Each structure stands twice: as C-alpha cells, then as structure tokens.
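Single-structure report; data block below.
The values are calculated or read from the model by the stated rules, or taken from the named source; none is laboratory data. All values derive from a computational prediction rather than experimental measurement. Every residue, glycine among them, receives a Cβ derived from its backbone with ideal geometry; neighbour counts consider all protein chains shown. Ligands, DNA and RNA are stripped out before the accessible areas are found, and what is left, the full protein with its side chains, is counted by its heavy atoms. Shrake-Rupley method; radii C 1.70, N 1.55, O 1.52, S 1.80 Å.
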Amino acid sequence: MALALKLLKQLRGPSTTTSTILYRNLRPRFSNLRSTIRLFSDPPLSEPLTIPPHQKPHSPSPSSLNQYELAKFAAIAETWWDSEGPFKPLHQLNPTRLAFIRSTLCRHFGRDPLSPRPFEGLKFVDVGCGGGIVSEPLARLGATVMGVDAVEKNIKIARLHADLDPLTSSIEYRCTTAEKLVEEQKNFDAVFALEVIEHVADPAEFCKSLAALTVPGGATVISTINRSMRAYATAIVAAEYLLHWLPKGTHQWSSFLTPEELALILERASISVQEMAGFVYNPLTGRWSLSDDVNVNFIAYATKIKTANL
Amino acid sequence: MNSLIIRRKLAEHIISRLKFPQRTLCTDAAPKVSSSHSVQSSNDHVGQQSFRNEVHPYDIAIVGGGMVGMALACSLARMPLTKHLKVAIIDSNPALSKGLGIKKEDPPDPRVSTVTPATISLFKDIGAWKYVEQHRHAYFDQMQVWDYTGLGYTKYNARDVHKDTLGCVVENKVLHNSLLSCIQDTDFQKTIYPSRLSSMTLQPRNLSMGVDSTSSGLNERGNLAKLDLSDGNSLYAKLVVGSDGSKSRVRELAGFKTTGWNYSQNAIICTVEHSVENRCAWQRFLPAGPIALLPIGDNFSNIVWTMNPKEATDRKSLAEDDFVKDVNYALDYGFGPHPKSSTLGSGGIFSWFKTDVNLSPDECFRVPPKVVKLASERMVFPLSLMHANDYASKHVVLIGDAAHTVHPLAGQGVNLGFGDAFALSRIISEGIAVGTDIAEVLLLKKYEAERKSANVTMMAILDGFQKAYSVDFGPLNILRAAAFNGAQYIPPLKRSIISYASGDQRFPIFS
Ligand SMILES: Cc1cc2nc3c(=O)[nH]c(=O)nc-3n(C[C@H](O)[C@H](O)[C@H](O)COP(=O)(O)OP(=O)(O)OC[C@H]3O[C@@H](n4cnc5c(N)ncnc54)[C@H](O)[C@@H]3O)c2cc1C
Ligand SMILES: C[S@@+](CC[C@H](N)C(=O)[O-])C[C@H]1O[C@@H](n2cnc3c(N)ncnc32)[C@H](O)[C@@H]1O
C-alpha cells in the first residue's frame with residue numbers, strides 16, 4: 001500500500017501537463033487476474049507473480065532464452081530489412097512506436113521536441129534488437145546505441161545494414177543477452193525491449209535484468225502483445241500480421257502479458273509504468289496509430305525509481 | 001498494490017506539432033534579410049569538388065530548381081526538423097546563382113500562374129508570400145465562365161465560399177524569385193550546381209555482404225545515389241528529388257513509367273493591356289478550345305488561348321493589331337451569341353433552375369474589358385496530359401511537372417506541384433522526427449499515396465472538362481449549358497466546385 005501511494009505521488013508529482021493526462025484505476029482488472037490466467041492450461045506467470053523478487057533465493061543467473069523462439073528468428077534473419085518480407089508489420093509499426101518514444105522520452109530527459117537529434121549524449125540499449133529496426137532510428141535521433149540480440153545471424157545483418165548509413169554506423173551491436181550485460185555491470189539512460197518479452201522464457205526475470213541495466217532515474221520502454229481475445233482474434237484473422245513474428249499455438253499464447261501484469265512485474269523490479277498506449281492497425285491503409293486501446297498491441301514507458309528502497 | 005494507477009498519454013499530437021512551428025519563425029529571421037536579391041551568401045556554395053562530396057554526401061539532391069523545386073528547398077529550410085539537412089540544388093538556370101532582376105516598370109511576363117488560396121497559405125507558412133506581395137500580383141474575387149453557344153454561363157464569387165479571394169495571378173518569375181529570397185533569410189546549407197543532370201546510379205557501391213544477401217532486402221537498399229552532371233561534376237545523395245519539369249531526366253533515369261497523351265492542341269500565351277483595370281478571371285469555351293483572360297495587375301491581363309497547332313502558328317505571326325482584334329472577338333461575339341443574362345428574364349430553356357434566386361448585378365453576364373494592346377511577345381506551347389505511374393522508389397521521388405502535367409485550363413498545374421513540394425517536406429520532417437532514413441521507400445510511398453489521389457482527381461476533372469468542350473455537337477452543347485446553369489443556380493454544387501478549384505477540398509462531390 002505504501003508503495004502504491006508513493007507511486008501515485010510520483011505519477012502526479014513531476015508532471016507539467018496534468019490536465020491532459022488520463023488516469024485509470026486498474027483495480028477492477030486485477031481482481032480478474034488469477035482467473036484469466038487459469039483460462040490457459042500452462043501458466044508460466046504464476047510463479048514470478050507470487051514470489052516477490054526480494055524474497056527469491058539467490059540462484060544462478062537465469063537465462064531468458066527460449067530456444068524454440070530463437071530458432072524461428074534465426075531462420076528468417078536474412079529478411080529483416082525487406083520491408084515487404086516477414087518483418088513487414090514491424091516496419092509498418094516503427095514510425096508509430098518511435099513517435100511514442102520520442103514524445104515520452106523528450107519529456108523524461110527534458111529534451112527539445114523540435115530538435116532533429118533530441119537524444120544526443122544519451123546511452124541507450126536495445127535488447128532483442130533483431131536486425132536493428134529500432135536501434136537505427138534511435139541512433140538517428142542522436143542516442144549512443146548498443147543493440148543486443150541472442151541470435152548471432154541477426155547481429156550480423158544488423159551490423160551490415162547499420163554500416164550503410166554514417167548516421168547509424170556508430171551503433172554497437174553484440175550477440176549477447178540482457179543478463180550478460182547485467183553481469184558486466186553495464187547501465188544505460190534508457191533500456192528498450194520492443195516486441196521481445198513475449199519471446200523470452202521468463203518475463204519476470206527478464207524485466208529484472210532490464211531494470212538492472214537502467215540507471216536510477218532512467219527510462220525503460222517495453223512493447224508487446226496483449227493476452228486478450230481481441231489480440232487472439234486479430235492475430236488469427238490478420239494472417240499477415242501474425243505471419244512469422246508472433247508465436248503460434250496456445251502454449252506461447254498463454255505467456256503473453258496483459259498491461260496490468262506487465263506493470264506488476266515491472267513494479268517488482270523497481271520500475272514504475274508512467275504511460276501506456278495501444279497500437280491500432282488499419283488493414284486498409286497498412287498504417288498503425290497510437291490509441292488508448294491497449295487490447296491488442298501496447299507500449300509502456302516506465303521509469304526506474306531513483307532510490308530503490310523496497 | 002490495489003491502487004496501481006497507470007498514466008497514459010497519447011504521443012500522436014507531437015507529430016502535428018513538428019510542422020512549421022509558428023509564423024513567428026519568419027519574423028525571427030527577418031533581421032537577416034539582405035537588401036540584395038543575389039543568391040550568393042556565406043552559406044552558399046557552388047559545388048566543385050566531387051571528392052569532398054563523396055566523403056560527405058548530401059541528404060537531398062533537388063534536380064531542377066524551378067518553382068516547385070525551390071518551394072521544396074524553401075519549405076525544408078523553414079521547418080525545425082529539416083533545416084539542418086544538407087541539400088544540393090542542380091539547375092543550369094543562371095537565375096539560381098545570380099538572382100533575377102525584376103523591375104516593376106516592365107510589363108508583366110507572359111508566363112504566369114494562378115495560385116489558389118491553398119497555395120497562398122502555404123507560401124505564408126514558409127514566409128515567402130511577403131516577397132510576392134512586394135511585386136506585381138493580382139488577386140481576383142470573381143470568375144466568369146461561359147461558352148460560344150450562348151446557352152449558358154456561370155459566375156463564381158469568393159463570397160459564395162466565404163473567402164476574400166478566389167486566387168491570385170502572379171508571374172512565374174515573381175514566384176520563383178520570392179522563394180529564392182525566402183531561402184536567403186535562413187542559414188540553410190545548400191549548394192547550387194549550375195549544371196544539368198546527365199546520369200544517375202542508384203546501385204550501392206562496394207556493398208560487400210558477409211552473409212548470403214540474395215533475399216535479405218539489403219541489396220535493394222543502397223545507401224547513396226550517385227549523380228553525374230553535364231559539366232563533369234558528380235555528387236552523392238541519400239535522396240534524389242526530381243523537380244525537373246515535364247521532360248524529367250530523373251523520371252527517365254529512375255525508370256518510372258508514365259501515362260499520357262497529347263491533346264493535339266497548343267496554347268498561345270501573352271500579356272495584353274486594357275484601358276481600365278481588370279479584376280475578374282474570365283474563361284470562354286470556343287469551338288477549338290478555351291480562351292482565358294486573367295488579371296495580372298495595373299491595366300494588364302494575361303491570355304492563355306488554346307487552339308489547334310496550325311491556328312496557333314498563324315496567330316503567333318499575325319500583325320499585332322489583327323491579333324488584338326481576334327482576341328476581342330473571341331472574348332465577345334466571336335463564334336456565337338452572348339448567353340442571355342438571366343435577369344433579363346424571358347425564361348431560357350433552363351429557366352426552371354432559377355426558382356427563388358434573385359440575381360444581383362454581380363451575377364449577371366458581363367463582357368470582359370476590351371484589350372487595347374499587345375504587351376509582350378506571343379509564346380506557343382503544346383498541351384499534354386502526363387502522369388507518372390509511380391512518384392517514389394527507394395532514393396528517388398518526383399514532384400511537380402516531373403510527376404504530372406495537366407491542361408492549363410484551370411490554372412492548377414503549378415498548384416498541384418506546390419502541393420507536392422509541401423507534402424514531401426512535411427513527410428520528410430515526420431520521418432526525421434521518428435528517426436527514419438529519409439530515403440526509406442515506406443516513407444516516400446506515404447508521400448506518393450497522399451499526392452497521387454489529389455493529383456489524379458484534379459487531372460481527371462480537367463481532362464473531362466477539356467473533352468467536354470472540344471466537341472461541337474448539339475446535344476452535348478445543351479448538356480454543357482445545363483451544367484453551367486446547374487452550377488450557377490445550385491449553390492452547394494457551385495460552392496464545392498469553387499472550393500475544389502481553390503485547393504481546399506480533397507474530393508469534389510461530383511467525382
Ligand atoms: C502554356 C502554359 C500555361 C500554364 N499556365 C499555368 C497557370 O495558369 N497556372 C498554373 O498553375 N500552371 C500553369 N502552367 C503549368 C506550370 O507552368 C507548371 O506546372 C510549372 O511550371 C511546373 O513547375 P516545375 O518546377 O515542376 O517545372 P518547371 O517549371 O518546368 O521547372 C523545371 C526546372 O528543372 C530544370 N531542369 C530540367 N531538366 C534538368 C536536368 N536534366 N538537370 C537539371 N535541371 C533540369 C529546368 O531548368 C527548370 O528550372 C502552365 C503551363 C503551360 C505550358
Ligand atoms: C520480434 S523481434 C523484435 C525485434 C526488434 N526489437 C524490433 O522490435 O524491431 C524479437 C527479437 O528478440 C530476440 N530475442 C528473443 N529472446 C531474446 C533474449 N532472451 N535475449 C535477447 N534477444 C532475444 C530475437 O532473436 C528477435 O530478434
């Protein structure tokens with residue numbers, strides 16, 4: 001309860017634009033959480049959700065790697081930059097998620113929203129960078145970017161592609177995981193994991209690693225797909241949308257996080273969600289737009305609590 | 001934990017804020033205005049060393065510094081997210097580096113454009129309109145369109161669409177020069193190459209691939225285009241903009257296909273003088289094509305007269321007095337009677353249209369002011385309609401006449417081009433806001449999708465008009481007259497025609 005109050009204060013405190021901010025109480029949704037999970041046969045979330053992080057026995061660094069998922073990405077790595085290929089949905093989604101990032105992080109870091117390179121001088125890491133679809137724009141926006149991915153082939157492609165443009169050739173790409181970076185005691189002003197958490201073995205552990213990589217007062221941005229009937233229906237109906245980059249079958253499906261669950265596991269990693277937005281796809285125009293409908297795809301901007309006193 | 005609250009806020013509005021910040025931007029820059037119209041300034045380079053340019057390539061190479069190419073440059077120079085871009089402008093027109101001496105006493109140049117209110121407001125946004133206003137220009141708030149059969153006419157008033165003006169007639173060189181002056185106000189990094197594009201290489205150089213590249217999509221994306229110029233220089237750029245007019249070399253080199261046809265019609269254009277000032281735009285459809293009389297300030301008007309090529313050649317060499325006689329004849333009783341002014345009653349065949357409508361004197365048919373003198377040379381242009389099937393591919397994008405030429409009938413040609421230039425600069429700016437590569441095909445296709453629908457709609461309308469008026473066949477004439485009368489007496493329809501022609505509506509209701 002004390003934590004919640006602190007959160008509330010934090011959320012309201014520094015904001016200069018309170019009048020335009022929508023608050024939404026998530027309590028009614030949380031009461032459904034358990035039953036929602038039980039709808040699915042395999043509940044990988046129940047453990048991390050019930051064991052608060054600080055009570056967990058110190059175990060060897062857990063791996064977030066899900067080999068089955070990684071093999072899928074390795075198989076289509078060549079096509080990362082084919083804007084008509086399997087990653088087309090990510091290319092189409094890109095301007096929209098970067099608009100969210102630009103707007104939230106300009107505010108977070110007090111940067112001029114009219115600057116062409118607002119993130120100059122900031123250190124970012126893009127975890128699960130794939131071919132670098134997000135790393136490259138972040139670099140063009142001025143950030144010093146490190147991109148990491150567990151799949152070697154992705155990193156190769158990302159490197160080759162970034163070298164084509166002097167604005168992106170400074171990106172440092174490494175084939176590694178978030179956990180390894182934590183071991184190396186790296187940290188960053190902002191940590192990104194876009195469309196990655198649904199592919200990792202243990203989302204809660206993964207979030208802890210993201211948190212450890214974020215400097216106190218820094219930002220964490222996560223986007224993923226909701227575990228909702230609408231998301232399921234959309235994914236089934238829009239074949240192209242699901243083609244390769246989303247897991248098939250209910251097993252993987254059940255590991256998706258709802259916005260509330262994501263907020264909760266981030267909370268336990270000392271990261272508090274500040275803003276969320278949904279992405280809505282218009283199949284006629286092939287365009288995505290931001291909305292407050294988080295039923296299908298959503299993105300969260302969160303900040304790491306300055307002094308972690310849990 | 002129960003009261004966990006998530007704060008959400010939409011970020012989309014940020015994009016809309018990234019356009020022109022405010023008109024104040026122009027006033028900020030105002031103290032820097034130099035009195036000279038010369039293009040040479042400290043931030044101006046004339047490109048020489050191709051070596052240096054390969055190492056530091058341009059962001060954008062604008063091939064063709066005509067009105068549309070300069071509008072793009074100007075708009076890029078004015079927007080906060082694009083003003084840092086490194087831009088090369090390639091055009092052999094000496095006016096680009098030396099400026100144009102425009103003397104107010106000279107009679108107006110016959111090459112003029114009718115700019116729409118939408119274009120005027122775009123020019124105001126980038127701070128270029130104030131330079132237009134320093135030179136000769138003529139706003140008009142009335143337009144009369146009629147035909148030689150005497151069956152119908154229609155008048156458009158700015159008041160009908162709650163506007164002050166229907167448009168403004170400006171010499172092309174004034175528009176061009178205003179854009180040049182406007183760029184001088186900024187510290188935009190531009191390099192002018194006084195030359196012409198001769199060839200272009202879009203394939204990336206030495207792109208060695210460590211992995212099998214056949215399906216990676218990497219090989220389609222070269223990083224730079226190489227441009228070779230007729231003076232032996234070459235340069236590299238991420239994005240090549242073809243604004244090199246209807247015979248675009250960029251379009252040809254990039255392999256964009258076109259659709260189009262010649263009208264087998266020519267237009268004679270010239271400046272004429274009246275004894276009084278003309279305040280209205282006039283257009284009369286004659287058997288061989290329309291004649292338009294546009295006010296251009298003082299006692300001058302501009303004539304765009306469409307006819308078959310043989311007539312055009314004959315009229316070009318006709319003695320001046322005889323030509324003036326021909327013009328007056330064509331604008332008055334030539335080829336057929338005046339339409340009956342409906343206030344004179346007597347119920348023409350379309351009298352049922354005018355129920356409940358009282359005509360003010362403004363609504364009556366009038367005869368245009370007499371031409372007393374020819375005030376410029378006569379120029380003859382072939383007319384054609386052409387539309388590029390694509391406007392954009394990786395690295396290359398077309399704007400203005402390079403993408404489309406239309407019949408000059410409604411004075412839309414250059415307005416469509418300005419629309420292209422401003423849309424492209426806005427889309428580039430939106431791309432930069434989210435870190436997109438400006439040569440990215442998905443980004444450029446956004447521009448194409450936005451402009452194609454606007455341009456094709458207008459082209460279809462103008463072509464339809466052109467076809468409808470190039471046939472002299474009884475029943476068609478009556479239909480035409482019905483259309484005129486319809487336009488005259490059904491205000492909503494008329495309003496939407498005007499507002500479409502003045503550039504502020506996407507689709508006309510009669511599409
Ligand atoms: C008779 C006539 C009347 C018209 N009346 C009107 C009217 O009333 N209202 C209206 O809105 N429009 C009118 N138009 C159309 C209008 O003139 C054009 O739409 C307008 O000029 C197009 O501008 P642009 O910049 O795209 O092309 P252009 O004005 O043709 O400019 C092209 C530029 O590219 C340069 N260039 C060409 N090739 C190369 C190369 N290989 N390398 C480098 N540079 C190159 C040229 O030097 C030139 O400066 C009329 C056209 C005609 C023919
Ligand atoms: C759907 S892609 C998203 C790519 C990129 N972030 C984007 O949004 O464009 C997911 C990526 O995460 C990577 N990945 C999956 N699990 C990972 C893990 N545990 N650590 C690092 N990368 C991982 C995959 O290899 C794949 O490239």
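How far is it, in nm, from the label point at residue B:92 to the one at residue B:162 when both lie 7 Å from their Cα along the line to the Cβ?
Here the modelled spin labels are 5.2 nm apart.
I'd like the residues of the range A:72-89 whose 1.4 Å-probe accessible area shrinks by no less than 50 Å² going from the isolated chain to the full set of protein chains.
A:78
Which of the pairs B:316/B:452; B:86/B:394; A:72/B:446 have their Cα atoms more than 25 Å apart in this structure?
Too far apart for the 25 Å limit: B:316/B:452; A:72/B:446.
Can you tell me the order of A:282-289, A:143-150, B:153-160, B:237-244 when each peptide is scored by its average per-residue count of other Cβ atoms within 10 angstrom, highest first?
Ranking, from highest mean packing down: B:237-244, A:143-150, B:153-160, A:282-289.
Share of the range B:85-213's accessible area from carbon and sulfur, percent, 1.4 Å?
C and S atoms contribute 49 percent here.
At 7 Å along the Cα-to-beta-carbon direction for both residue B:453 and residue B:367, put a label point, then send me their distance in nm to one decimal.
Rounded to a tenth, the inter-label distance reads 4.7 nm.
Between residue B:84 and residue B:316, take the C-beta separation as r, use R0 = 45 Å, and let me know the FRET efficiency to the nearest 0.05. Show your work: numbers first, answer last.
Values: r = 49 Å, r/R0 = 1.08.
The calculated FRET efficiency here is 0.40.
Rounded, prolate or oblate: which one fits the range A:127-180, using the alpha carbon gyration tensor with axes a ≥ b ≥ c (rounded when a/c is under 1.5, else prolate when a/b beats b/c, else oblate)?
Oblate, since a/c reaches 1.5 and b/c is not below a/b.
Ignoring ligands, DNA and RNA and using a 1.4 Å probe, state the total buried accessible area between B and A in Å², rounded to the nearest 100.
5000
Using amide H atoms built in the peptide plane, which far-off residues or other-chain residues are under 5 Å from residue B:240 H to H?
Amide H neighbours of residue B:240, under 5 Å, 5+ apart: B:61, B:396, B:397.
7 Å from Cα along Cα→Cβ at both residue B:338 and residue B:134: what's the point-to-point distance in nm?
4.3
Quantify how strongly other chains surround peptide B:150-161 by giving the mean number of their Cβ atoms within 10 Å of each of its Cβ atoms. Please report the intermediate quantities before stating the final value.
Numbers: counts 0, 0, 0, 0, 0, 0, 0, 0, 0, 0, 0, 0.
Going residue by residue through B:150-161 and averaging, the value is 0.
Write down the accessible area per residue of the range B:65-134 in Å², having rolled a 1.4 Å probe over the full set of protein chains. Don't skip to the answer; put the middle values down first.
Values: 2310 Å² over 70 residues.
Per-residue value: 33 Å².
Relative contact order of the range A:171-217: what whole-number percent is it, with Cα pairs under 8 angstrom and at least 6 residues apart?
Values: 29 pairs, mean separation 25.1, N = 47.
Across the range A:171-217, relative contact order equals 53 percent.
Under 5 Å between amide hydrogens, which residues at least 5 positions from residue A:147 or on another chain qualify, with H placed 1.01 Å from N in the peptide plane?
Under 5 Å from the amide H of residue A:147: A:126, A:172, A:173, A:174.
Can you find, among B:374, B:384, B:402, the residue farthest towards the positive end of the dipole of the range B:364-439? Put +1 on the C-beta of Lys and Arg, -1 on that of Asp and Glu.
B:374
Which far-off residues, 5 or more places away or on another chain, put their amide H under 5 Å from the one on residue A:287, with H placed in the peptide plane?
When sequence neighbours closer than 5 places are left aside, the close amide H contacts are A:282.
So between residue B:279 and residue B:329, what do we pick up on full extension, going 0.36 nm a residue minus the alpha carbon distance?
Working: separation 50, 0.36 × 50 = 18.00 nm, distance 2.00 nm.
Gain on stretching residue B:279 to residue B:329: 16.0 nm.
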